[in-house]
1. Among the candidates B:230, B:275, which residue alone is more than 11 Å from chain A (Cβ to nearest Cβ), in contact (Cβ under 8 Å) with a residue 40 or more places away in the chain and in contact with a helix residue (DSSP H, G or I) (Cβ under 8 Å, 6 or more places away or on another chain)?
2. Looking at segment B:162-199, which of the residues that are touching a strand residue (DSSP E or B) at 6+ places or on another chain (Cβ under 6 Å) and part of a loop (DSSP other than H, G, I, E, B) is surrounded by the most Cβ atoms within 10 Å (Cβ to Cβ)?
3. Restricting to segment A:16-39, and then to whatever is without any contact (Cβ under 8 Å) to a residue 12 or more places away in the chain and surrounded by fewer than 16 Cβ atoms within 10 Å (Cβ to Cβ), can you tell me which residue is farthest from residue B:273 (Cα to Cα)?
4. If I go through segment B:228-249 residue by residue, how many of them are touching a strand residue (DSSP E or B) at 6+ places or on another chain (Cβ under 8 Å), under 15 Å from residue B:22 (Cβ atoms) and within 15 Å of ligand 1 (Cβ to nearest atom)?
5. Which condition from (1) closer than 24 Å to residue B:234 by Cα; (2) within 16 Å of ligand 2 (Cβ to nearest atom) is the one that residue B:54 breaks?
6. In segment A:198-219, which residues are touching a helix residue (DSSP H, G or I) at 6+ places or on another chain (Cβ under 7 Å) and not in a helix (DSSP H, G or I)?
7. If you go through segment A:31-87, how many residues are over 18 Å from residue A:141 (Cα atoms) and within 14 Å of chain B (Cβ to nearest Cβ)?
8. Residues in segment A:91-110: is at least one under 25 Å from residue A:27 (Cα atoms) and within 14 Å of another protein chain (Cβ to nearest Cβ)?
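Any read-out appearing in this document is the output of simple, stated calculations on the displayed coordinates, not a laboratory observation. It should be emphasised that the depicted structure is a prediction, and the values quoted were computed from it without experimental measurement. A quick note on method: Cβ atoms are made from the backbone with ideal geometry, for glycine too, and the neighbour counts reach across all protein chains shown.
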Ligand SMILES: Nc1ncnc2c1ncn2[C@@H]1O[C@H](COP(=O)(O)OP(=O)(O)OP(=O)(O)O)[C@@H](O)[C@H]1O
Ligand SMILES: [Mg+2]
């Protein structure tokens, strides 16, 4: 069996690209949760503007995967790695979209004249979501299935906080019915945060598959 | 336990096996052949070390491993071809349908008809296409008359997927066929004596991709009637044609498992390293 230097170089290059993309998306989500609190207009704009970078990267990574599959017909852990990259790549791109969505919601909320526009506190939920994302990405980078499993515990907390956000918004709507758009956008923030948590969970499932070769689904 | 707790309570670090004991599923129910504690020596040198494995009915089992790991040596144990090699000694218990193939009463000529062999290089006899296939049935007395012999030859060539290409030139020399046709002729020759097992040692390594694809299709069809043990250096070929894969390393049988599993999630580090090309 010849040692495929080119093949393994290709895999390493792909891994580096994935790490770059991982760093990019983590940065976007951190900025997104920041603007939920600060409503910083410049930062909101820069999140929305820079989304194309992640989109371009996603396409590039997917093309690399397809090329490596066709040319090298990988097996075993190499095959699992490529499958994982294809799936995680997609999750990361969608997480990037969520960061943009959050920025758009913040943009609408900050322009609202409602006196209650800042009445919701998403800091705890944001913190959990950032933790889940960071853990899922670290688990991916270090191929750590044990860490990936820990993520599933945090997910429940996020779901609970999302439900609380819903109740809070419903209550506010009845008390201050004059700005429904602002309220709904506030609820959507919780939805977007929850979707990021979902996708972090998906990444964790992929990490377990990558490391152990077993397909797990937690929902 | 809920699904979540179950997943969390699982062993969290699943390390690959590293010992030299066979991992996976070497044994099957109702086997065609059984091999127990098989050792092979060339003089003082041990080439096969305590191998235990079954060959199932109607299965294609691929034997893979680095050059010199003992694939061909082990394959030759299955029809006592090692008897023909000077200084080669086989110990252990090998059975075909429960019959000890080393029993004093076993004659190797019929044994090698029941466990036929196809070699790396197509090796038709320097005879006509017809005689290449008819030779075995003749010496084994499988045909009472010319009509029966004709029938066996036609049936064997059909099963080997060669009939349509050669039916109008059966009297021409087998050596005049293309490489891929010659290999199918050799398969027809093995089939003609009604084998139960067919051993193939890198049967496609001298063939182009088209001829290889034909042989691989043929292997899939032959599986309906026979057990096939194929040695191959091509991971893709092993993956395409076999249901089980056995990985050998320096005379040890390291891992045996369902081929789809071995190629997506091997259990042994050595198998993983070999099939992903990270060997050594
Ligand atoms: N006739 C022989 N005399 C002495 N040693 C032999 C003989 N045939 C094989 N060997 C040795 O036995 C070991 C196994 O050889 P074998 O031919 O079975 O390997 P293999 O897995 O089929 O290799 P390859 O993939 O190169 O065909 C090797 O170390 C080889 O050198
Ligand atoms: Mg060999």
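1. Values: B:275 fails: more than 11 Å from chain A (Cβ to nearest Cβ).
None of the others qualify; the one that does is B:230.
2. B:195
3. Taking segment A:16-39 first, the residues without any contact (Cβ under 8 Å) to a residue 12 or more places away in the chain are A:16, A:23, A:27, A:34, A:38.
Next, only the ones that are surrounded by fewer than 16 Cβ atoms within 10 Å (Cβ to Cβ) stay: A:16, A:23, A:27, A:38.
Working: A:16: 22, A:23: 30, A:27: 36, A:38: 52 Å.
Checking each candidate, the answer is A:38.
4. Selection size over segment B:228-249: 4.
5. So residue B:54 meets the others, but not (2).
6. The answer is A:213, A:214, A:215, A:216, A:217, A:218.
7. 9
8. Checked segment A:91-110: no residue is under 25 Å from residue A:27 (Cα atoms) and within 14 Å of another protein chain (Cβ to nearest Cβ).
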